[in-house]
Amino acid sequence: MLALLACLPLSRQAQAVDVDYEIGVAVKRQDNIALTASGRDPVSETVVSPRAYFEATQDGPRIRFKAQGALEYYDYLDDTFSDETRARFNGQLDITAIPDRLDFVFRDYLSQQPVDRLAAYAPDNTQQINVFVAGPTLKARFGPAMRGQLDLRYADNHAEETESFNGNRYSIAGRLVRDLDPNRELSLNLAVVEADFDQAGDRRDYRREDGFLNLTSRHAHLDTDIDLGHSRVELDGSGRKDSTLLLRASVDWNLSARSLLGISARQQFTDSGEDMTRPLELEQIRFNDFNVPYLVEPSVFKERQVRVRYRYRGERLTLQAVPYGRRVRYLDSTLEDENRRGIIVSASYRLRPRLTASFYALRENREFVDIDREDRDLTYSVGLANRFTRHWTGRIDFLHQERDSNIARRSFDSNSVLVSVSYRR
């Protein structure tokens, strides 16, 4: 994040950066702040949260920049937990050093994730996770319809609590691209990834080799992006080897001027740090306890995932639904394999020119295969926002969280009411 922000003054010299921001304060009253198991006495708490959110973009001939970030300070008035600061950031910076020859790429992803993925996502089970990716991209053209590209990348993973997650990833990827027509291109891709975790010794370090064909098509109402090939991985410590069909496919269909249907599927080897650079396709929720946690583990795993996304944007109604299913199998047998399936829904409706109702919901079933555990989670929130002036908005939200687990003392439920006021530029 610091590298991206440091480049911001440079980008201002080339072309103005478009910046929007929101600042405000919220007060939340929660009847079970620690998400204590059902049957035990819950602890109520009032939390005061000053907060700030920003969006920044620039799309120039040499510099392309896009970032979103949020910062919140949590003041627990009853001292149930220590006061804390939470931040989220997603930034992308591309610098063209030599047009059509050399680019430099920077990516930074900062999020809040659980320390123990088997425990409730309470204030004492949170940590900051940061993944930074950078490197050059070299380009060459071999004719009017043929070009090549070489990507060199360095990635750094850092976790606030789970130190075993910390480490580096190095990759080199080559592409040979053929333009089939103005709307379609076919490419041959070869990539090698080396992952080196700080604390795991060489037990979970790995080398991955990918080879695949990519077909990309862009049309007025239908976009497709398909990778098909083979992937091979080897653990440095044990020498264990595994391979799989590599498939990554996405289709986005514009059903109308207001609605979109997207379908994606993938089967691949990956790890937690790499996984966090592909955020879930959901409209930005600036300030909410709404969270779909990622796996924070220092190990490579085989992933199978299918996801559908429907989005509608009308004059008064905005709706999005994302059903998904995911299967994770670790190559390290000491980690718990898991299956997930669920759906995320977000909606807003403008009741009056200045009054908007909103709804968010997550329903997810998680099955931990090796320990015979299944959790059924439900989170939803209902809110009303009133825009008093062009810049000032007040809102009230009700949030409900619950978990039904087949393991004793793991089920819980919680209710919160949140009142906030904010100024948006």
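The values are calculated or read from the model by the stated rules, or taken from the named source; none is laboratory data. Remember, it's a predicted structure, so these values are computed and weren't measured experimentally. In this analysis, Cβ positions are derived from the backbone assuming ideal geometry, glycine residues included, and neighbour counts consider all displayed protein chains. Keep in mind that these areas ignore ligands, DNA and RNA; they rest on the heavy atoms of the full protein, side chains included. Shrake-Rupley method; radii C 1.70, N 1.55, O 1.52, S 1.80 Å.
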Scan the range 237-246 and give yes if some residue there is under 23 Å from the mean Cα position of the chain (by Cα) and either within 30 Å of Met146 (Cβ to Cβ) or open to solvent by 80 Å² or more (accessible area, probe 1.4 Å) (or both), otherwise no. yes
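Given the criteria assigned to a strand (DSSP E or B) and either closer than 30 Å to Glu84 by Cα or of a type in the set (Lys, Arg) (or both), does Val133 qualify?
Values: assigned to a strand (DSSP E or B): yes; either closer than 30 Å to Glu84 by Cα or of a type in the set (Lys, Arg) (or both): yes.
For Val133, the condition - assigned to a strand (DSSP E or B) and either closer than 30 Å to Glu84 by Cα or of a type in the set (Lys, Arg) (or both) - is met.
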Among the residues of the range 163-187, how many are open to solvent by 60 Å² or more (accessible area, probe 1.4 Å) and either assigned to a strand (DSSP E or B) or closer than 29 Å to Thr224 by Cα (or both)? 10
Filter the range 26-64 down to the residues that are of a type in the set (Gly, Ala, Ser) and assigned to a loop (DSSP other than H, G, I, E, B) and list them by number. Ala34, Ala37, Ser38, Gly39, Ser44, Gly60
Residues (under 18 Å from Arg309 (Cβ atoms) and not in a strand (DSSP E or B)) located in the range 215-274: His221, Leu255, Ser256, Ala257, Arg258
Taking the range 73-121 and keeping residues more than 18 Å from Leu35 (Cα to Cα) and of a type in the set (Gly, Ala, Ser) leaves Ala87, Gly91, Ala97, Ser111
Going through (1) out of contact with any Leu (no Cβ under 8 Å at 6 or more places or on another chain); (2) modelled with pLDDT of 90 or more one by one, Asp108 fails only at (1)
So which residues in the range 30-59 are on the phi > 0 side of the Ramachandran plot and under 26 Å from the mean Cα position of the chain (by Cα)? Leu35
Would it be correct to say that Glu281 is closer than 30 Å to Glu402 by Cβ, open to solvent by 20 Å² or more (accessible area, probe 1.4 Å), at pLDDT below 95 and among the acidic types (Asp, Glu)? yes
Mind listing whichever residues of the range 3-30 are out of contact with any Lys or Arg (no Cβ under 9 Å at 6 or more places or on another chain), surrounded by fewer than 18 Cβ atoms within 10 Å (Cβ to Cβ) and modelled with pLDDT of 95 or more? Val27, Arg29
Among the residues that make up the range 142-162, is at least one of them in a strand (DSSP E or B), within 25 Å of the chain's Cα centre (by Cα) and basic (Lys, Arg)? yes
Take the conditions modelled with pLDDT under 95, open to solvent by 60 Å² or more (accessible area, probe 1.4 Å) and within 20 Å of Lys302 (Cα to Cα) and apply them to Arg203. Does it pass? yes
Being under 16 Å from the mean Cα position of the chain (by Cα) and crowded, with 20+ Cβ neighbours inside 10 Å is the filter here, so list the residues in the range 61-78 that pass it. Ala67, Gly69, Ala70
Could you please let me know if Phe197 is among the aromatic types (Phe, Trp, Tyr) and touching a residue at least 60 places away in the same chain (Cβ under 8 Å)? yes
Failed condition for Glu72, given (1) in contact with a helix residue (DSSP H, G or I) (Cβ under 9 Å, 6 or more places away or on another chain); (2) in contact (Cβ under 8 Å) with a residue 60 or more places away in the chain; (3) among the acidic types (Asp, Glu): (1)
Among the residues of the range 208-231 satisfying the criterion of being charged (D, E, K, R) and buried (at least 16 other Cβ atoms within 10 Å of the Cβ), which is farthest from Asn166 (Cα to Cα)? Asp223
Of the conditions (1) closer than 30 Å to Gln112 by Cβ; (2) loosely packed, with under 15 Cβ neighbours inside 10 Å, Leu190 fails just one. Which one is it? (1)
Unmet criterion (only one of (1) in contact (Cβ under 8 Å) with a residue 24 or more places away in the chain; (2) open to solvent by 30 Å² or more (accessible area, probe 1.4 Å); (3) more than 30 Å from Ala16 (Cβ to Cβ)) for Ser49: (2)
Which residue is surrounded by the fewest Cβ atoms within 10 Å (Cβ to Cβ), if the candidates are limited to the range 79-128 and must be touching a residue at least 12 places away in the same chain (Cβ under 8 Å), within 30 Å of His400 (Cα to Cα) and hydroxyl-bearing (Ser, Thr, Tyr)? Thr85
What pairs come out if I take residues in the range 337-364 that are in contact (Cβ under 8 Å) with a residue 24 or more places away in the chain and within 22 Å of His400 (Cβ to Cβ) and pair them with residues that are among the β-branched types (Val, Ile, Thr) and in a loop (DSSP other than H, G, I, E, B) whose C-beta lies under 8 Å away, six or more apart or interchain? Ile344/Val292; Ser346/Ile285; Tyr360/Ile285; Leu362/Val292; Glu364/Val292
Against the condition without any contact (Cβ under 8 Å) to a residue 24 or more places away in the chain, surrounded by 14 or more Cβ atoms within 10 Å (Cβ to Cβ) and under 25 Å from the mean Cα position of the chain (by Cα), how does Leu261 come out, does it pass? no
